[in-house]
Amino acid sequence: MDAAEFRKRGKEMVDYVADYLEKIEKRQVFPDVEPGYLRPLIADCAPQDPEGFEDVFKDIERIIMPGVTHWHSPYFFAYFPAASSFPALLADMLCGGIGCVGFSWAASPACTELETIMLDWLGKMINLPEEFLAGKDGQGGGVIQGSASEATLIALLAARTKTIRQIQSERPELTEAEIMGRLVAYASDQAHSSVERAALIGAVKIKNVPSDDTFTVCGSALKKVLDEDKAAGLIPFFFCATLGTTSCCSFDKLLELGPICNKENIWMHIDAAYAGSAFICPEFRHLLNGVEFADSFNFNPHKWLLVNFDCSAMWVKKRTDLIGAFKLEPLYLQHHHQESVVSLTRALLSGLQHWQIPLGRRFRSLKLWFVLRMYGVKGLQEHIRKHIRLSHQFEHLVLQDERFEICAEVVLGLVCFRLKGSNELNEALLKSINDAKKIHLVPCHLREKFVLRFAICSRTVESTHIKFAWQHISQLATDLLKTWEQNHHQQ
C-alpha cells in the first residue's frame, strides 16, 4: 500500500468507523457467538502472497463484527464506561502516524513534554494540590500509564524500594530478603483485584481492611489492622485507598486514613480509576478531599473523560521516589541534554521511562490534548453530569417498583440493584437479561448478596435508553416471578 492508496483507504475506514458509531444502536449489544467461533472462519496460517485491502475490509463485517461486544452502544450498561470520542480517535490516528517510541526526551521531545504539560492541565482541572504538579520546577508530576492496575503496581514497587532503603539505612544488619519477608500492603476488602495482583508481583504480603456497612474503609479499621501487624513484628509500608470501588462505587475515608498513613510512614496510593473524572465538577470535588495526604494518585480518563483507551493518569508528590526505584540508564539511552535544566525539570530530561514498567511508550498525550481542547472543561463537565442525571433517573425507576431494592448509595453513574429475594432469583434475572441481548449488565457481590450493576456507559446514551432498559428489566422480572411462583406451587 503506497501513500495514494492509503489516502483512499483511510477515507473509507474513517467512513466505516463513523457509520459504525452512528448506527451502533441498531447492532445487538452482545454477540451470539460461542467460544471458538473465530478459528473455522480464518485460514490456518498467514497467506504467502499479499491480499488486497478489499478482501480484508469485507471480512470485518463477516468475521470480526459478529464477535464484538459493542461497548459504545447506548444499551451497554456493564462494567464501567470505556471512553470514546471523535477527537480522541483522530489523535490516535496521528499517534500511529508519527509512530515514535517516546521513552526519553531525546527519543521524541514533544512526546515527553506534552505529556507532562497535559498531566498538569488535568491535575489543575481536578484541583490537585500543587505538590502533585510538575510545573517548571515542582518536585511532583504526572505520567500516563496503560491502566490503573499498572499505576497501583508502580506505586507499590516504589513504596517497597523506598521502605527497604530507609530500613537498611537505620539497620544495616538487615538483608533485603529479611525486610521483604516482613513487609505488608493493605487495601479495602472492596478494592479491585489488581491491588492484590500488584502485591503478588511485588512479592509482598497483602491484607484486606474490612469496610463498614457503606462498603467504605474508615480510619479506625485501618489502625486496628496496623496495630495488630506491628505487634507481630511486621512492617506496614503501603495502603491503597479506593475512590469509587468497582462493585458499588463507594469511597474510602481519605481524611481519616491519610493522617494515619503519614504518621506511620506508609505510602498512601489513591485508586480513583472510574470516579476520578467526576472531580472536574466542583460539586463532586469534595470526594477527593484528603488527597493532600497521599503519595500517589491515579484515575482513568479512558473510562469517563472521552479519551480512548489507553490513558491512565498517575501523579506522584515526589517523583524521585519513582525514579529512584526504576532508574537504570545504559549509555544508548543517555543524551547530551540530560544535565541541562533549561525551563524543564530534570525528571523530564531523564525521560518518562523511569516512571513506568515498559521502556517504550506511545504518544498518548495527543489524545488528551485534542479532547481537552475540543470539548473544553465545560463540555466534559456536562458529559459527566448527564451520565449522573441518567443514573439517578434509573435509580428513581427502580425505587418506584416495590419488588426491587437499591443496594448501595448512588453517588455517580452506577446503580446497584436487585429483586428482593434470593441470590438464585437474581442470578436467574441477570441470565434472562443477558440472554435476551437487548441490553448488557454484569453482577457483583455485596457481602452475601448477588447484585446487578447498572452503569451509565455510552457517550450517546439518552433518557429514552434508560426508560427502555428499565421497561425491559421490569418485564423480564414479571415473567421470571410468575415462573418461580408456579414452580414453588408445584413443589
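What trypsin sites (Lys or Arg not before Pro) in the range 15-72 are in a loop by DSSP, with at most 16 other Cβ atoms within 10 Å of the Cβ?
Sites meeting the loop and neighbour criteria: 23, 27.
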- Inter-site label distance for residue 438 and residue 386 at 7 Å from Cα along Cβ, in nm: 2.4
- Run the accessible area of the range 47-184 with a 1.4 Å probe and give the carbon-and-sulfur part as a rounded percent. 57
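Can you tell me how much longer the chain between residue 12 and residue 472 gets when fully stretched, taken as 0.36 nm per residue apart minus their C-alpha distance, in nm with one decimal? Working shown, then result.
Numbers: separation 460, 0.36 × 460 = 165.60 nm, distance 3.66 nm.
Length gained between residue 12 and residue 472: 161.9 nm.
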- Length gained, residue 212-residue 168, 0.36 nm per residue minus C-alpha separation, equals 12.2 nm
- Query: What does the accessible area per residue of the chain come to in Å², with a 1.4 Å probe and no ligands, DNA or RNA counted?
  - Reply: 47
- Message: For a quick check of your reading of the filter: which trypsin sites (Lys or Arg not before Pro) in the range 347-441 sit in a DSSP loop and have no more than 11 other Cβ atoms within 10 Å?
- Response: 420
- Task: Return the calculated 222 nm mean residue ellipticity for the chain, to the nearest 500 deg cm²/dmol, obtained by summing -39500 (n - 2.57) across DSSP H runs with n ≥ 4 and dividing by the residue count.
- Result: -14000 deg cm²/dmol
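With the contact rule set at Cα under 8 Å and sequence spacing of 6 or more, what percent relative contact order holds for the chain?
Result for the chain is 22 percent.
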- Task: Sticking with the crude label model, points 7 Å out along Cα→Cβ, report the distance from residue 22 to residue 460 in nm, one decimal please.
- Result: 1.0
- Item | For the range 100-362, fraction of C-alpha pairs farther apart than 23 Å, in % | 50
- Note on the structure: The FRET efficiency for residue 136 and residue 100, from their Cβ-Cβ distance with R0 = 22 Å and rounded to 0.05, is 0.35
- Using the charge dipole of the range 100-362 (Lys, Arg: +1 at Cβ; Asp, Glu: -1 at Cβ; taken about the Cα centre), state which of 186, 235, 139 has its Cα farthest towards the positive end. 139
- Contour minus end-to-end for residue 396 and residue 41, with contour as 0.36 nm per residue of separation and end-to-end as the Cα-Cα distance? 123.2 nm
- Message: From the alpha carbon gyration tensor of the range 110-250, can you work out the equivalent ellipsoid semi-axes (sqrt of 5 times each eigenvalue) and give them in Å, largest to smallest?
- Response: 28, 22, 14
- Express in whole angstrom the spacing between the alpha-carbon centres of the range 1-39 and the range 409-450. 31
- Item | Separation of the residue 54 and residue 406 label points, Cα + 7 Å toward Cβ, nm | 5.7
- Message: As an exercise, identify the chymotrypsin sites (Phe, Trp or Tyr not before Pro) in the range 11-48 lying in DSSP coil whose Cβ has no more than 16 other Cβ atoms within 10 Å.
- Response: 37
- Item | Values of log10 I(q)/I(0), in the order q = 0.10 Å⁻¹, for the chain under a Debye, Cα-only, solvent-free model | -0.87
- Provide the net charge surrounding residue 293, with neighbours chosen by a C-beta distance below 13 Å and charges set as Lys +1, Arg +1, Asp -1, Glu -1. -3
- Message: Rounded to the nearest 20 debye, what is the charge dipole size of the chain about its Cα centre when +1 sits on each Lys and Arg Cβ and -1 on each Asp and Glu Cβ?
- Response: 660
- With T = 20 °C, eta = 1.002 mPa s and Kirkwood Rh from C-alpha pairs, the Stokes-Einstein D of the range 1-52 in µm²/s is about 147
- Query: Around residue 78, with a cut-off of 15 angstrom between Cβ atoms, what is the net charge of the other residues, counting Lys and Arg +1 and Asp and Glu -1?
  - Reply: +4
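The values are calculated or read from the model by the stated rules, or taken from the named source; none is laboratory data. Everything quoted here is computed from the prediction, not taken from an experiment. Ideal geometry is used to build each Cβ from the backbone, glycine not excepted, and the neighbour counts take in all protein chains shown. The area values use the complete protein model at the heavy-atom level, side chains included, leaving out ligands, DNA and RNA. Shrake-Rupley method; radii C 1.70, N 1.55, O 1.52, S 1.80 Å.
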